[in-house]
């Protein structure tokens with residue numbers, strides 16, 4: 001050991017010695033995370049920020065390791081006899097003979113590495129290709145869509161017939177909870193012809209076959225017997241995630257935009273026929289827009305003005321009659337219940 005060297009010179013020599021392997025190691029780790037930046041959809045939103053954070057943290061740690069840490073080491077480390085820790089000595093005692101044998105037999109090392117690589121290639125087809133597999137939430141959510149011109153009473157009646165058939169023919173279903181149309185808060189806008197049917201399942205130990213795909217096929221056979229009803233299988237959380245990402249409730253959604261509703265329906269039917277023939281596509285359906293009826297009210301502004309009303313006032317009155325308006329709050333058994341003013345049921349459901 002050259003005692004004429006200053007601590008700073010020793011630290012500089014040590015830094016130059018480890019700079020190349022440290023940089024290579026950090027670069028390898030950073031390269032592993034770079035493919036995460038190419039992910040799209042939900043996976044990209046979740047893992048791309050994580051990958052960027054790790055890469056930036058590694059880059060910052062490398063910068064500190066080559067600049068700040070050597071300077072601090074020159075001030076903090078004291079001169080003295082160097083002794084390797086016992087764990088390092090034990091590891092070197094095992095590693096050094098193995099390294100010497102590997103260097104003495106390079107052909108065997110290359111052959112072993114080649115066999116392991118071929119084994120990895122052979123196992124690759126058995127590995128799942130989905131980066132984020134769909135979580136099994138236990139229960140099944142079936143979304144039913146009827147004709148848009150259907151009334152609320154008929155929609156509920158069809159839902160009851162579907163639920164009765166499922167409970168009668170599928171013993172794996174414990175109970176069914178259905179919701180037709182939108183809720184009162186308006187947080188989940190849906191038409192009266194749309195129904196979310198939640199199928200609460202029994203434990204798999206009580207199933208005829210402990211296979212959820214088989215159970216879904218059995219339910220699909222029953223739903224095919226109800227004509228005029230389009231259906232889609234999903235799960236409660238999976239449905240919400242799909243709605244937030246794409247605005248639709250399916251894994252893959254094709255959207256068509258245009259001013260002519262008839263043309264849109266025709267194109268949707270053509271796309272439906274094409275997608276239905278794609279291998280692997282299941283539960284393909286198109287949103288039913290045909291048969292939608294609208295009531296358009298035109299305000300006679302002159303007649304309304306004679307009563308001191310504007311078009312906005314009349315629109316608000318119609319909205320109150322149909323949708324209702326909260327005019328206050330009442331206390332009922334310690335609970336605050338909103339008081340809503342709206343038209344009679346016959347007018348609202350007409």
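Every number in this text was worked out from the coordinates using simple rules, so none of it is lab data. What you are looking at is a predicted structure, and each value in this text was computed from that prediction instead of being measured. We place every Cβ from the backbone using ideal geometry, glycine too, and count neighbours over all the protein chains shown.
For the reader, a short list of remarks on this structure follows.
- Axis angle, to the nearest 10 degrees, between helix 152-169 and the longest C-alpha principal axis of the chain: 60 degrees.
- Packing, taken as the mean count of other beta carbons within 10 Å per residue, orders the peptides 136-148, 110-122 from highest to lowest as 136-148, 110-122.
- Expected 222 nm ellipticity per residue - DSSP helices of 4 or more, -39500 (n - 2.57), all of the chain, to 500: -16500 deg cm²/dmol
- Taking the C-alpha atoms only, the angle from helix 212-223 to the longest principal axis of the chain is near 20 degrees.
- Per residue, the convex hull spanned by the Cα atoms of region 1-105 measures out at 176 cubic angstrom.
- Peptides 325-331, 223-229, ordered by how many other C-beta atoms sit within 10 Å of their residues on average, highest first, read 223-229, 325-331.
- Rg in Å to one decimal, and Dmax rounded to a whole Å, for region 140-276 via C-alpha atoms: 16.1, 53
- Note on region 44-121: Cα Rg divided by 2.2 N^0.38 Å, N the number of residues, gives 1.82.
- Relative to the longest principal axis of the Cα atoms of the chain, the long axis of helix 86-104 makes an angle of roughly 80 degrees.
- Proportion of all alpha-carbon pairs of region 301-348 beyond 12 Å (%): 69 percent
- The base-10 log of I(q)/I(0) for the chain, evaluated at q = 0.10, 0.15 Å⁻¹, reads -0.92, -1.46 [Debye formula, identical scatterers on Cα atoms, solvent excluded].
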